[in-house]
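Q: Okay, here's the structure, questions in a sec.
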Amino acid sequence: MDKPKVVLGVSGGIAAYKACELLRRLSESGHDVRVVPTASALHFVGETTWAALSGNPASTEVWESVHEVPHVRIGQGADLVVVAPCTADMLAKAAHGLADDLLTNTLLTARCPVIFAPAMHTEMWEHPATQENVTTLRHRGAIVIEPAVGRLTGVDTGKGRFPDPAEIFEVCRRVLARGPEAVTADLVGRHVVVSAGGTREPLDPVRYLGNRSSGKQGYALARTAVARGARVTLVTGETGLPDPAGVDVVHIGTAVQLREAVLKAAADADAVVMAAAVADFRPAHYAPGKIKKRDDVEQPPIELVRNPDILAEISAERARPGQIVVGFAAETDDVLANGRQKLARKGCDLLVVNEVGEHKTFGSAENEAVVLAADGTETPVPHGPKEALADTVWDLVAERFS
Ligand code: CTP
């Protein structure tokens with residue numbers, strides 16, 4: 001089989017050096033990458049580096065190898081175009097259809113999915129001109145990855161940072177995996193909230209009550225939603241996983257904090273997916289000092305109180321009419337019967353039910369589930385990557401939007 005053809009467009013920003021890592025990841029995972037830098041990008045990283053790392057020529061102008069008509073052929077032959085980093089200038093050119101170099105020509109001739117990974121100073125990102133260009137590109141079906149928040153060039157910090165290249169690679173992989181369908185990002189204009197990981201309920205400064213959730217399913221939901229064009233807020237317990245590219249990440253500890261963050265983000269959300277494993281109980285008292293063993297107490301009690309049921313609450317009081325709410329249920333016995341009862345009890349639109357077992361659910365990269373819907377339909381999802389299950393969830397959510 002031919003290798004998927006990826007065009008890596010690089011525009012003139014300091015993050016161009018980070019695009020070398022993205023290029024490596026794409027090449028090493030079996031993609032045929034053609035780098036198309038702009039003339040300004042070459043001020044940051046030279047043509048030699050792009051050609052050597054990609055194994056393909058790297059030209060900026062339409063006037064080279066004219067007999068091969070590169071300004072048309074490169075775009076026409078691509079399975080994916082990713083512009084990373086993408087400057088404010090490049091967003092403006094792409095939004096207005098300018099074609100004054102090889103990359104802008106390629107963007108006009110490509111009929112495959114296109115991803116832009118902007119990186120710039122916060123002021124430039126927030127400028128209404130840039131925001132309007134981003135909106136235009138998104139409405140045309142392109143995926144514009146929200147920049148990360150953090151250190152920018154010089155001493156500044158803020159929104160505009162180039163996300164981790166490994167995470168941009170994940171978005172590319174997801175978009176390629178969706179195939180031609182990905183040409184139109186079907187969650188564009190939607191805000192989705194995903195909760196992930198397990199909560200931790202502190203007992204004292206060194207101990208907590210927790211659970212075995214790895215967060216992988218929630219992170220897969222966040223990543224796949226970005227690859228389908230959504231604005232994504234991820235509310236997550238401690239997982240040790242890197243923040244996915246293009247996602248607003250809110251880190252929480254306890255169920256009470258999770259509730260607060262989810263309710264806040266859900267206020268303008270089109271969908272809320274509760275993949276987090278929420279502790280049903282928390283210690284009634286937090287000991288400000290470490291709890292010590294005592295020889296006179298053989299079985300020290302831990303008094304617990306109930307935590308709020310967030311899924312039931314957001315299902316009962318939808319922050320917006322038509323908001324779609326999705327829950328998860330990991331069960332060990334009578335999986336489907338328990339799932340159906342839980343769906344009715346929680347009042348959500350969809351409930352993803354899976355059986356807890358070896359290589360399934362906790363900690364694994366794979367999952368197998370049945371998605372139960374309030375309208376009585378059942379969608380079995382065969383054993384496979386958590387991302388495949390995530391895509392099925394978004395398919396079902398997108399159906400309900402329309
Ligand atoms: N959930 C929640 N708030 C809680 C507990 C659970 O929002 N306090 C959500 C989870 O995020 C998940 C769904 O509810 O989407 C089901 O979680 P589960 O623990 O299976 O539900 P419980 O109501 O705790 O059911 P069980 O009686 O099986 O413990």
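The values are calculated or read from the model by the stated rules, or taken from the named source; none is laboratory data. A quick note: this is a predicted structure, and the numbers were derived from the prediction, not measured. For neighbour counting, all protein chains shown are included, and Cβ atoms are generated from backbone atoms with ideal geometry for every residue, glycine included. Accessible surface areas use protein heavy atoms only, side chains included; no ligands, DNA or RNA. Shrake-Rupley method; radii C 1.70, N 1.55, O 1.52, S 1.80 Å.
Q: How many residues, within segment 26-82, are aliphatic (A, V, I, L, M), open to solvent by less than 30 Å² (accessible area, probe 1.4 Å), assigned to a helix (DSSP H, G or I) and over 29 Å from T153 (Cβ atoms)?
A: Count: 1.
Q: How many of the residues in segment 290-331 are in contact (Cβ under 8 Å) with a residue 12 or more places away in the chain and either more than 30 Å from F401 (Cα to Cα) or of a type in the set (A, V, I, L, M, F, W, C) (or both)?
A: 20
Q: Turning to a different aspect of this structure: Counting only residues that are out of contact with any helix residue (DSSP H, G or I) (no Cβ under 6 Å at 6 or more places or on another chain) and either open to solvent by 50 Å² or more (accessible area, probe 1.4 Å) or near the ligand (Cβ under 9 Å from one of its atoms) (or both), how many does segment 315-325 have?
A: Looking only at that region, the number is 6.
Q: Could I ask something else about it? Give just the number: which of (1) open to solvent by less than 40 Å² (accessible area, probe 1.4 Å); (2) at pLDDT below 95 does I291 not satisfy?
A: (1)
Q: Taking the condition touching a Phe, Trp or Tyr at 6+ places or on another chain (Cβ under 8 Å), open to solvent by less than 10 Å² (accessible area, probe 1.4 Å) and basic (K, R), does R228 pass?
A: yes
Q: L343 is checked against (1) of a type outside the set (V, I, T); (2) more than 14 Å from the ligand (Cβ to nearest atom); (3) not in a strand (DSSP E or B) and fails just one. What number does that condition carry?
A: Of the numbered conditions (1) of a type outside the set (V, I, T); (2) more than 14 Å from the ligand (Cβ to nearest atom); (3) not in a strand (DSSP E or B), the odd one out for L343 is (2).
Q: Right, here's the next one. Could you list all residues from segment 110-128 that are of a type in the set (F, W, Y) and either more than 21 Å from V81 (Cβ to Cβ) or in contact with a Gly (Cβ under 8 Å, 6 or more places away or on another chain) (or both)?
A: Passing the criteria: only W125.
Q: Looking at the structure I just gave you, is V256 open to solvent by 40 Å² or more (accessible area, probe 1.4 Å), β-branched (V, I, T) and more than 11 Å from S195 (Cα to Cα)?
A: Against the criterion (open to solvent by 40 Å² or more (accessible area, probe 1.4 Å), β-branched (V, I, T) and more than 11 Å from S195 (Cα to Cα)), V256 qualifies.
Q: Moving on. Can you tell me which residue is nearest to V393 (Cα to Cα) among those in segment 282-314 that are in contact with a strand residue (DSSP E or B) (Cβ under 7 Å, 6 or more places away or on another chain) and near the ligand (Cβ under 9 Å from one of its atoms)?
A: So, considering only residues that are in contact with a strand residue (DSSP E or B) (Cβ under 7 Å, 6 or more places away or on another chain) and near the ligand (Cβ under 9 Å from one of its atoms), the one nearest to V393 (Cα to Cα) is L311.
Q: Take segment 364-398 and flag every residue that is touching a residue at least 60 places away in the same chain (Cβ under 8 Å) and not in a helix (DSSP H, G or I).
A: Answer for segment 364-398, where residues must be touching a residue at least 60 places away in the same chain (Cβ under 8 Å) and not in a helix (DSSP H, G or I): S364, A365, N367, P385.
Q: If you take the residues in segment 326-340 that are out of contact with any helix residue (DSSP H, G or I) (no Cβ under 7 Å at 6 or more places or on another chain) and in a strand (DSSP E or B), which one is surrounded by the most Cβ atoms within 10 Å (Cβ to Cβ)?
A: Among those that are out of contact with any helix residue (DSSP H, G or I) (no Cβ under 7 Å at 6 or more places or on another chain) and in a strand (DSSP E or B), it is F328.
Q: Do we have any residue at all in segment 157-172 that's at positive phi, open to solvent by less than 20 Å² (accessible area, probe 1.4 Å) and in a strand (DSSP E or B)?
A: Yes.
Q: Look at V262 and say whether it is surrounded by fewer than 18 Cβ atoms within 10 Å (Cβ to Cβ), of a type in the set (V, I, T) and within 12 Å of the ligand (Cβ to nearest atom).
A: no
Q: For segment 113-128, give me the residue count where each residue is touching a residue at least 24 places away in the same chain (Cβ under 8 Å) and either part of a loop (DSSP other than H, G, I, E, B) or over 30 Å from G179 (Cβ atoms) (or both).
A: Residues that pass the stated criteria total 9.
Q: Another question about this same structure. For segment 1-25, enumerate the residues that are within 16 Å of I168 (Cα to Cα) and part of a loop (DSSP other than H, G, I, E, B).
A: Across segment 1-25, the qualifying residues are S11, A15.
Q: Of all the residues that make up segment 326-340, how many are of a type in the set (D, E, K, R) and near the ligand (Cβ under 8 Å from one of its atoms)?
A: 1
Condition check ((1) touching a Pro at 6+ places or on another chain (Cβ under 9 Å); (2) farther than 14 Å from I115 by Cα) across all residues:
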position	(1), (2)
P163	yes, no
A166	yes, yes
R173	no, no
T184	yes, no
V192	no, yes
S195	no, yes
T199	no, yes
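Q: Then there's this: Mind checking which residues of segment 129-156 are assigned to a loop (DSSP other than H, G, I, E, B) and more than 20 Å from V81 (Cβ to Cβ)?
A: Of everything in segment 129-156, those that are assigned to a loop (DSSP other than H, G, I, E, B) and more than 20 Å from V81 (Cβ to Cβ) turn out to be L152, T153, G154, V155, D156.
The rows are residues; the columns are (1) closer than 25 Å to D270 by Cα; (2) under 21 Å from the mean Cα position of the chain (by Cα); (3) at pLDDT 90 or above.
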site	(1), (2), (3)
I310	yes, no, yes
E317	yes, no, yes
R320	yes, no, yes
G327	yes, yes, yes
A337	no, no, yes
C348	yes, no, yes
L351	yes, yes, yes
A365	no, yes, no
